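Report on the following structure.
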Amino acid sequence: MIDRTGLAGFLRTRREALQPEDVGLPRGERRRTAGLRREEVASLCHMSTDYYARLERERGPQPSEQMLSSIAQGLHLSRDERNHLFLLAGHNPPTREQTGEHISPGLLRVLDRLEDTPAELVTELGETLKQTRLGVALTGDTTGLTGPERSLGYRWFTNPEVRTRYAPEDHSFLSRMFTAGLRGVLAHRGPESRAAELAEMLLDRSDEFRRLWADHEVGLRPRDVKHFIHPEVGALELHCQQLVDPGQSHSLLVYTAVPGSETAEKLRLLSVIAV
C-alpha cells in the first residue's frame with residue numbers, strides 16, 4: 001500500500017535540500033523557497049507541476065515504477081533513497097539488473113555543471129542515460145531510444161545511419177572495440193545478462209559482428225581522440241575524458257577541443273545552433 005503521508009514528507013524534504021546550483025539551474029534574485037520550487041523539480045522529473053504537487057499534498061494516483069525512477073533521478077537520490085521512495089509508493093525496489101539505470105548523485109552533479117560542453121552519461125553497454133545540450137547537438141538525442149537500440153554498439157552493427165556521425169577511417173577500429181567491449185561485459189555479467197541477449201541478437205543479424213566475435217578479441221580501449229562528422233559543422237576532432245562510477249558501471253564522457261583549434265571554433269558554432 002502507498003504511504004501517502006510518508007511519501008509526501010520524503011519528497012518535500014528532498015526537494016528543499018536541493019539548491020538550484022546543485023542541478024544546474026540559476027538561483028535568481030527573488031527566491032524565497034527553501035531549496036527547489038515544485039515546478040523546477042517537476043521539470044527535472046519530466047512530469048507536470050500539477051502531478052508532482054499532488055504527490056506532495058498526499059493526493060493523486062499511485063506513481064508508476066517508471067515515474068518513480070524519474071523522480072529519483074530528478075531529485076538526485078542515492079540508491080538507498082531511491083529504494084525507500086519505491087517502498088513508500090507501494091512498489092518493490094528495482095532489482096540489481098534494473099539498478100544499472102540509476103545515476104549516482106555525484107555524476108549527475110558533475111554533468112549538470114557541463115552545460116557548455118558536449119557530455120553524456122552511458123552504461124557499460126553504451127546506453128545513453130543523460131546528455132548535455134551540446135551532447136545532443138553533437139550526436140543526436142539518444143536518451144529516448146528503447147530496446148536493444150539503446151546500445152550504441154547494437155546500433156553500430158544494425159543501423160548504417162549511425163556510422164555517418166563518425167570518420168570513415170575509424171569505422172574498422174570502432175567495430176572491433178564495440179565487439180570486444182560487449183564480450184568483456186558478457187564475461188563479467190554472465191550468460192543470463194542483457195549483454196548476452198545483445199550478443200545473441202547481433203550474431204543473428206550482423207555478418208560483420210559474427211566475423212569479429214569469432215576473433216575473441218578483448219581489452220580494446222577507446223582512443224583518447226575521437227573524430228566526429230557533424231551534418232552541419234563538418235569534421236570535429238575531440239578529446240574524450242572519461243569519469244567512471246564503478247558502483248554503477250556508468251561512465252561520464254566529456255568531449256573537449258584544443259583551444260584555438262578549428263574544432264574549438266566549430267564547437268562554438270554548434271553551441272549557437274543548439275539553442
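The values are calculated or read from the model by the stated rules, or taken from the named source; none is laboratory data. Bear in mind that the values here come from a model prediction, so they are computed numbers and not experimental data. Glycine gets a Cβ as well: all are built from the backbone with ideal geometry, and neighbour counts include every protein chain shown.
Overview of results
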quantity: Among (1) among the hydroxyl-bearing types (Ser, Thr, Tyr); (2) closer than 23 Å to residue 248 by Cβ; (3) at pLDDT 95 or above - the single one residue 193 does not satisfy; calculated: (3)
quantity: Per-region count, the range 114-151, residues under 26 Å from residue 213 (Cβ atoms) and without any contact (Cβ under 8 Å) to a residue 60 or more places away in the chain; calculated: 11
quantity: The one condition in (1) within 30 Å of residue 20 (Cβ to Cβ); (2) under 14 Å from the mean Cα position of the chain (by Cα); (3) not hydrophobic (A, V, I, L, M, F, W, C) that residue 113 fails to fulfil; calculated: (2)
quantity: Residue match in the range 206-222 (condition: under 22 Å from the mean Cα position of the chain (by Cα) and part of a helix (DSSP H, G or I)); calculated: no
quantity: Residues that are among the hydroxyl-bearing types (Ser, Thr, Tyr) and buried (at least 19 other Cβ atoms within 10 Å of the Cβ), drawn from the range 178-206; calculated: 179
quantity: Close pairs (8 angstrom Cβ cut-off, 6 or more residues apart or separate chains): under 12 Å from residue 182 (Cβ atoms) and at pLDDT 95 or above in the range 202-214, surrounded by fewer than 17 Cβ atoms within 10 Å (Cβ to Cβ) and of a type in the set (A, V, I, L, M, F, W, C) anywhere; calculated: 209/203; 213/203
quantity: The range 30-47 residues that are assigned by TED's automatic domain parsing to the domain that holds residue 20, paired with ones that are among the charged types (D, E, K, R) and buried (at least 17 other Cβ atoms within 10 Å of the Cβ) (beta carbon under 8 Å, 6 or more apart); calculated: 35/15; 36/15; 38/15; 38/56; 41/15
quantity: Qualifying helices (runs of 4 or more DSSP H) (wholly inside the range 95-177; at least 2 residues being exposed (fewer than 14 other Cβ atoms within 10 Å of the Cβ) and among the charged types (D, E, K, R)); calculated: 96-99
quantity: Residue under evaluation residue 270, criteria (1) closer than 19 Å to residue 111 by Cβ; (2) at pLDDT 90 or above; (3) under 20 Å from the mean Cα position of the chain (by Cα), criterion not met; calculated: (3)
quantity: Residues satisfying the stated conditions in the range 64-78, i.e. in contact with a His (Cβ under 6 Å, 6 or more places away or on another chain) and closer than 20 Å to residue 245 by Cβ; calculated: 70
quantity: Only one of 243, 198, 253 that is closer than 18 Å to residue 127 by Cα, of a type in the set (A, V, I, L, M) and at pLDDT below 95; calculated: 243
quantity: Only listed residue being in the same structural domain as residue 251 (by TED's automatic domain parsing) and within 18 Å of the chain's Cα centre (by Cα), chosen from 187, 195, 199; calculated: 195
quantity: Sole exception among (1) free of Cβ contacts under 8 Å to residues at least 60 places away in the same chain; (2) in the same structural domain as residue 53 (by TED's automatic domain parsing); (3) touching a Pro at 6+ places or on another chain (Cβ under 8 Å) for residue 154, by number; calculated: (2)
quantity: Every pair of residues 6+ apart whose Cβ atoms lie under 8 Å, when the first sits in the range 1-14 and is among the aromatic types (Phe, Trp, Tyr) while the second is modelled with pLDDT of 90 or more and part of a helix (DSSP H, G or I); calculated: 10/84; 10/85; 10/88
